[in-house]
Every structure is written in structure tokens, then in C-alpha cells.
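A quick write-up on the structure given underneath.
Derivation of every value follows stated rules applied to the coordinates shown; laboratory data play no part. In this text, all values refer to a predicted model and were calculated from it rather than measured experimentally. Cβ atoms come from the backbone with ideal geometry, glycine included; neighbour counts cover every protein chain shown.
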Amino acid sequence: MFATKEDLNVFPTAEMVLHGFEESAKNLEALHTDMNQRFDRIENLLLADHKRRIEKLETEVKELRDALAM
């Protein structure tokens, strides 16, 4: 019941581990890309909302100025 040279060969195991790390790296890259797209979408929505709110405030300030000028 002693291990043979074939049993002690670590190269297949090392190759499997390497393959696992490569797959993990691909999965993380895909996740990173997906997260960036989601954050970009959220950022664009927030910027659009802020732009709308600022424009509304500018309109209201102009209306107040016009009302006070009378």
C-alpha cells in the first residue's frame, strides 16, 4: 500500500489548480465588467436626475427674480 511514482506525480494536480485559477480569473473579470456597467448606469441616472433638479431650480429662481422685479 505504498504510493507509486505515478501516485506522487503532482503535475496533473498542479494543472487542475492552474485551470481553476484561470477560470476564477475569467469569472472575476466578467463580474468586474458587469459591475462597472451597473455602476455606470446608476451614475448616469443620478446625473440625469441632478441635471433635471438643477434646471428646475434655475427656472424657479428666474421666476422669483421676475416676480420681484415687478
Placing unit charges on C-beta atoms (Lys and Arg positive, Asp and Glu negative, everything else neutral), compute the dipole magnitude of the chain about its Cα centre in debye, rounded to 20. 420 debye
Rank Ala25, Leu64, Met35 by how far each Cα sits towards the positive end of the charge dipole of the chain (+1 on Lys, Arg Cβ; -1 on Asp, Glu Cβ) and give me just the farthest. Leu64
How far apart, in nanometres, would the label points at Met16 and Asn36 be if each is projected 7 angstrom from Cα along the Cα-to-Cβ direction? 3.4 nm
What full-extension length gain, to one decimal in nm, is calculated for Glu63 and Asp49 as 0.36 nm per residue of separation minus the Cα-Cα distance? 2.9 nm
